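Only one structure is covered here, and it is reproduced in the block below.
The values are calculated or read from the model by the stated rules, or taken from the named source; none is laboratory data. Quick caveat, the model's predicted, so the values are computed rather than measured. Cβ atoms come from the backbone with ideal geometry, glycine included; neighbour counts cover every protein chain shown. Ligands, DNA and RNA are excluded from the accessible area calculation, which covers all protein heavy atoms including side chains. Shrake-Rupley method; radii C 1.70, N 1.55, O 1.52, S 1.80 Å.
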2 protein chains.
Amino acid sequence: MLTDSPSSLAASAPIARRPLHEAAIDRLRDLIVQGELLPGSRLNERVLAGQLGISRTPLREAFKLLATEGLVELLPNRGAIVAHLDPERIRQTLAVMGALEALIGELACKQAPEAAIAEIQALHFEMRAAHARRDLAAYFRYNQAIHLNLAEAAGNAVLALTYRQLNANVRRVRYMANLSPERWDAAVREHDAILAALSARDGTRLKALLSDHLAQKTASVLAALAERRIMAAA
Amino acid sequence: MLTDSPSSLAASAPIARRPLHEAAIDRLRDLIVQGELLPGSRLNERVLAGQLGISRTPLREAFKLLATEGLVELLPNRGAIVAHLDPERIRQTLAVMGALEALIGELACKQAPEAAIAEIQALHFEMRAAHARRDLAAYFRYNQAIHLNLAEAAGNAVLALTYRQLNANVRRVRYMANLSPERWDAAVREHDAILAALSARDGTRLKALLSDHLAQKTASVLAALAERRIMAAA
DNA sequence: TTTTTGTATTCTGCATGCAAAGTTTATAGG
DNA sequence: CCTATAAACTTTGCATGCAGAATACAAAAA
């Protein structure tokens with residue numbers, strides 16, 4: 001499933017129907033993650049509230065939320081800006097994600113339902129298709145979906161949620177930095193191996209593969225940042 | 001209970017030159033973590049705002065924040081309640097913390113400054129002192145401080161922050177559930193071994209010890225929950 | 001007595017007003 | 001022409017008012 005689960009921990013509560021304005025907040029999150037709002041951009045309450053069609057109060061609540069996710073920075077008495085992409089912070093985030101992926105791989109192999117693995121397999125083929133068509137946007141979507149579904153498949157909601165939140169920040173870089181063709185091909189091969197290990201429920205091998213995959217991803221992401229391919233607002 | 005002594009709250013909120021309301025929000029977090037507000041308690045906006053000496057708007061922002069930390073649950077159109085202590089959720093949280101502690105142990109041994117290790121060692125002796133005096137409250141404080149300092153010593157801010165947030169929920173259980181004398185003594189011995197491994201910068205051993213320590217802690221916490229030693233509001 | 005339905009009350013969620021902090025612009029002095 | 005300073009403007013942070021949802025209560029029906 002490609003639909004982004006937008007929720008924070010709060011959303012795990014028994015919710016029948018979400019407040020109307022959370023849609024607007026999710027839209028703001030997407031604007032930041034997809035790079036339409038550049039790092040460093042000031043987020044004027046009145047203007048942004050107008051653009052999103054909500055009032056300042058729920059928007060302010062959204063700022064606080066997005067700040068905990070590391071997507072915006074709150075400057076006392078000077079409002080909010082889109083959080084900068086600090087390479088060191090990204091590196092640290094990826095290190096934590098590595099620790100989580102190790103657990104994810106272990107748990108997923110041990111206790112993921114067959115249906116979940118089948119779905120991930122399906123997403124993998126979709127991703128292969130996107131790669132064959134050189135459709136980078138679709139590739140990214142399926143890639144994300146695979147990793148998030150894998151996190152879900154581990155059967156630990158806290159683990160999946162934590163992983164997702166950390167991922168949001170890294171995702172911003174991916175959206176802004178294209179991969180080199182070689183790296184793209186290599187990433188696909190890595191995913192092939194990952195899927196094979198998952199299907200075989202070989203936890204030890206999956207952990208190693210995920211760790212290697214993340215190391216490559218880290219290098220790629222940090223290289224993109226170092227090359228200043230990532231733009232920031234003045 | 002909060003409702004029993006509303007005046008103490010008002011008195012403990014000193015009027016700052018600039019009404020910085022984050023102090024009030026921290027106070028609310030403490031009330032939840034320390035169990036003065038029982039799981040399941042409804043958090044009436046107007047009442048609570050009055051007790052904390054702030055207005056509803058910043059309090060609502062606090063609710064959203066605490067929801068991401070898993071300390072309150074937001075029920076659409078029905079406000080906020082203190083989050084329930086779901087044993088399965090606590091178990092999942094502890095599993096994630098285990099993965100993080102493995103990384104913490106590894107990084108701390110590899111790159112913690114000597115001063116940080118010395119400080120942890122000092123806290124450890126303070127904790128031993130509290131244990132010798134059977135001062136449970138002080139013991140918990142030093143125990144927390146040790147684990148949090150260890151997380152900081154790993155030199156990864158994202159790691160430390162993530163660990164701290166997950167820890168908040170587990171801490172609530174510790175505050176409410178006393179340890180058995182045997183478990184208490186065993187925990188202290190485990191800490192002795194942990195400190196020894198850290199001082200020797202033996203990452204492999206530290207990881208194993210932390211893992212074992214957490215497993216014991218998990219058993220103890222879940223036992224407390226199972227024995228219904230943890231109270232919840234109706 | 002128990003269940004149901006209509007009504008009153010309470011509470012949340014959002015919009016908006018206001019004071020203070022911050023920013024920009026204009027002006028005077030060097 | 002450049003710098004310093006003050007006035008005007010902008011924006012945030014918080015308080016509060018209002019509409020609608022949810023709950024509690026009461027009376028009527030089974």
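Side notes on the structure shown:
- Between the helical axis of A:22-33 and the longest alpha-carbon principal axis of chain A there is an angle of about 70 degrees.
- Per-residue HN-Hα couplings for region B:96-101 [Karplus 6.51, -1.76, 1.60; θ = phi - 60°; Hz; x = Gly/Pro]: 5, 4, x, 4, 5, 5
- Region B:98-234 - percent relative contact order, Cα under 8 Å, separation 6 or more: 38
- Net +/- balance of residues flanking B:ALA138 in space, Cβ distance below 14 Å, scoring K and R +1, D and E -1: +3
- Heavy-atom accessible surface of the protein assembly as shown: percent carbon and sulfur, 1.4 Å: 54
- Other copies of A:ALA157: label-to-label distances in nm, shortest first, labels 7 Å along the beta-carbon direction: 3.2
- Backbone geometry of region B:70-83 corresponds, through the Karplus equation with coefficients 6.51, -1.76 and 1.60 at θ = phi - 60°, to 3J(HN,Hα) couplings of x, 8, 10, 10, 9, 9, x, 6, 10, x, 10, 10, 5, 4 Hz, x marking Gly and Pro.
- Chain B, relative contact order [Cα under 8 Å, separation at least 6], %: 25
- Average beta-carbon neighbours from other chains, 10 Å sphere, peptide A:159-166: 3
- Test item: A:37-48 mean partner chain Cβ contacts at 10 Å: 0
- Karplus-derived 3J(HN,Hα), 6.51/-1.76/1.60, for each residue of region A:196-210, Hz, glycine and proline x: 4, 5, 5, 4, 7, 6, 9, x, 4, 5, 4, 4, 5, 5, 4
- For A:GLY79, inter-copy separations between label points set 7 Å beyond Cα along the Cβ vector come to 3.3 nm, shortest first.
- Ordered from longest to shortest, the equivalent ellipsoid semi-axes for region B:147-234 are 26, 18, 9 Å, each the square root of 5 times a Cα gyration tensor eigenvalue.
- The order of the peptides B:92-100, B:139-147, A:172-180 by mean Cβ neighbours within 10 Å, most packed first, is B:92-100, B:139-147, A:172-180.
- Region B:87-226: translational diffusion in µm²/s, Stokes-Einstein, Kirkwood Rh over Cα pairs, 37 °C, 0.692 mPa s: 220
- If only the Cβ of Lys and Arg carry +1 and only the Cβ of Asp and Glu carry -1, the dipole of region A:87-226 around its Cα centre is close to 380 debye.
- For chain A, the mean residue ellipticity at 222 nm estimated from helices alone is -23000 deg cm²/dmol, where every DSSP H run of n ≥ 4 contributes -39500 (n - 2.57) and the total is divided by all residues, rounded to the nearest 500.
- Value in Å of the Kirkwood radius, where chain B supplies the Cα pairs that are averaged: 19.0
- Taking amide H as placed 1.01 Å from N in the peptide plane, B:LEU71 has no amide H partner under 5 Å among residues 5 or more places away or on another chain.
- For B:LYS110, the lysines whose Cα falls under 29 Å of its own Cα, not counting residues fewer than eight places away in the same chain, are A:LYS207, A:LYS217, B:LYS207, B:LYS217.
- Ranking B:HIS131, A:HIS84 by solvent-accessible area of protein heavy atoms (1.4 Å probe, all protein chains present), from largest to smallest, gives A:HIS84, B:HIS131.
- Hits among aspartates and glutamates - C-alpha to C-alpha of A:LYS64 under 14 Å, sequence gap 8 or more where chains match: A:GLU22, A:ASP26, A:GLU45, A:GLU73, B:GLU22, B:GLU61, B:GLU69
- Which of A:GLY35, A:ILE54, A:LEU65, positive extreme of dipole for region A:13-82 (C-beta unit charges): A:ILE54
- Distances between equivalent label points of A:ALA138 across the copies, with each point positioned 7 Å along Cα→Cβ, amount to 6.7 nm, shortest listed first.
- Proximal charge balance of A:ILE194 [Cβ under 11 Å; K/R count +1, D/E count -1]: -2
- Neighbourhood charge, 13 Å Cβ-Cβ cut-off, centred on B:PRO58 and excluding it, Lys, Arg +1 and Asp, Glu -1: +1
- Value of Rg/Rh across the protein assembly as shown [Cα atoms, Kirkwood radius]: 0.96
- Taking the longest Cα principal axis of chain B as reference, the axis of helix B:56-68 is set at about 30 degrees.
- Residues of the protein assembly as shown: accessible area per residue with a 1.4 Å probe, Å²: 46
- Taking the C-alpha atoms only, the angle from helix A:157-176 to the longest principal axis of chain A is near 80 degrees.
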